[in-house]
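The values are calculated or read from the model by the stated rules, or taken from the named source; none is laboratory data. Because the structure is predicted, anything quoted here is derived from the model rather than measured. Glycine gets a Cβ as well: all are built from the backbone with ideal geometry, and neighbour counts include every protein chain shown. Note: accessible area is taken over every heavy atom of the protein model, side chains too, but ligands, DNA and RNA are not part of it. Shrake-Rupley method; radii C 1.70, N 1.55, O 1.52, S 1.80 Å.
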Amino acid sequence: MSKSAPEFLFDFGSPNAYLTHRVLPAIEQRTGARFSYVPVLLGGVFKATGNRSPVEAYAGIPSKLAYENLELRRFVARHGLARYAQNPHFPVNTLLIMRAAVAAQTLDLFGVYLETVFAAMWEDGRKMDDPAVVAEVLAAVGLPAERLLTLTQDQAVKDRLIANTTAAVERGVFGIPTFFVGEEMFFGKDRLRDVEEAIS
């Protein structure tokens, strides 16, 4: 098995990415591994693979969509994720906050940024495709909002997000959350047990 860190490919726009993020610390504690978070643009993945979000894909199958929501509620209950709340602005265009995630990595601010934006999206119901809202959210926790938002227009930051997304598709990624343990790919929060076993 590869000794490299297990990877978590994410986009803030996915509620399942948020739920995954909340349970990864327990897996890290049990295994001693540390997940490497890889920002990718889910819209770009969908476009490249022809995939669609469950809301779109199951729009004509109400019972399937209802079951997806039931599984989400079960996951929330099982892991005690009481702060989770559906974002009233969903779906949110995440281009700005995903570019800012790459910028935060370059400034060594990623951990605080990650927590702040996931909470704003899936606990506080903020409209995180509005630059003014994003700036307010970041500034409230002491992050350099102006610097981060300026860097979202930096070509190197744009290129890194594109490269991450392209590389993900080339590795077989079609949705979020996706995990890699070495070159073994796992998709979906319901595969976390398999991810943990692969790490161990």
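The set of residues from region 130-139 being open to solvent by 50 Å² or more (accessible area, probe 1.4 Å) and touching a residue at least 12 places away in the same chain (Cβ under 8 Å) comprises just one member, Pro131.
Answer yes or no as to whether Glu123 is of a type in the set (Asp, Glu), surrounded by 15 or more Cβ atoms within 10 Å (Cβ to Cβ) and touching a residue at least 12 places away in the same chain (Cβ under 8 Å).
It is true that Glu123 is of a type in the set (Asp, Glu), surrounded by 15 or more Cβ atoms within 10 Å (Cβ to Cβ) and touching a residue at least 12 places away in the same chain (Cβ under 8 Å).
Taking region 1-114 and the helices (runs of 4 or more DSSP H) fully enclosed by it, the elements with 3 or more residues that are of a type outside the set (Ser, Thr, Tyr) and loosely packed, with under 12 Cβ neighbours inside 10 Å are at 15-31, 62-78.
Here is a list: Pro54, Pro25, Pro6. Which entry is closer than 30 Å to Ala103 by Cβ and touching a residue at least 24 places away in the same chain (Cβ under 8 Å)? Walk me through it before giving the result.
Numbers: Pro54 fails: touching a residue at least 24 places away in the same chain (Cβ under 8 Å); Pro25 fails: touching a residue at least 24 places away in the same chain (Cβ under 8 Å).
Unique residue meeting the criteria: Pro6.
Note on region 176-200: residues that are under 16 Å from Gly13 (Cα atoms) and either surrounded by 20 or more Cβ atoms within 10 Å (Cβ to Cβ) or acidic (Asp, Glu) (or both) amount to 4.
The condition (being farther than 28 Å from Glu183 by Cα, in contact with a helix residue (DSSP H, G or I) (Cβ under 9 Å, 6 or more places away or on another chain) and touching a residue at least 40 places away in the same chain (Cβ under 8 Å)) is satisfied by just one residue among Leu65, Leu42, Leu72, Leu81: Leu81.
Output yes when any residue across region 142-153 is open to solvent by 40 Å² or more (accessible area, probe 1.4 Å), in contact (Cβ under 8 Å) with a residue 24 or more places away in the chain and touching a helix residue (DSSP H, G or I) at 6+ places or on another chain (Cβ under 7 Å), and no when none is. No - not one qualifying residue is present in region 142-153. I'd like to know if region 154-174 contains one or more residues that are surrounded by 18 or more Cβ atoms within 10 Å (Cβ to Cβ), assigned to a loop (DSSP other than H, G, I, E, B) and in contact with a Pro (Cβ under 9 Å, 6 or more places away or on another chain). Scanning region 154-174, I find no residue that is surrounded by 18 or more Cβ atoms within 10 Å (Cβ to Cβ), assigned to a loop (DSSP other than H, G, I, E, B) and in contact with a Pro (Cβ under 9 Å, 6 or more places away or on another chain), so the answer is no.
Remark: pairs (first residue in region 168-190, farther than 18 Å from Gly50 by Cα; second residue of a type in the set (A, V, I, L, M) and surrounded by fewer than 15 Cβ atoms within 10 Å (Cβ to Cβ); Cβ separation under 9 Å; 6+ apart in sequence or on different chains) = Val181/Met1; Gly182/Met1; Glu184/Met1. Note on region 183-200: residues that are aliphatic (A, V, I, L, M) and more than 18 Å from the chain's Cα centre (by Cα) amount to 2.
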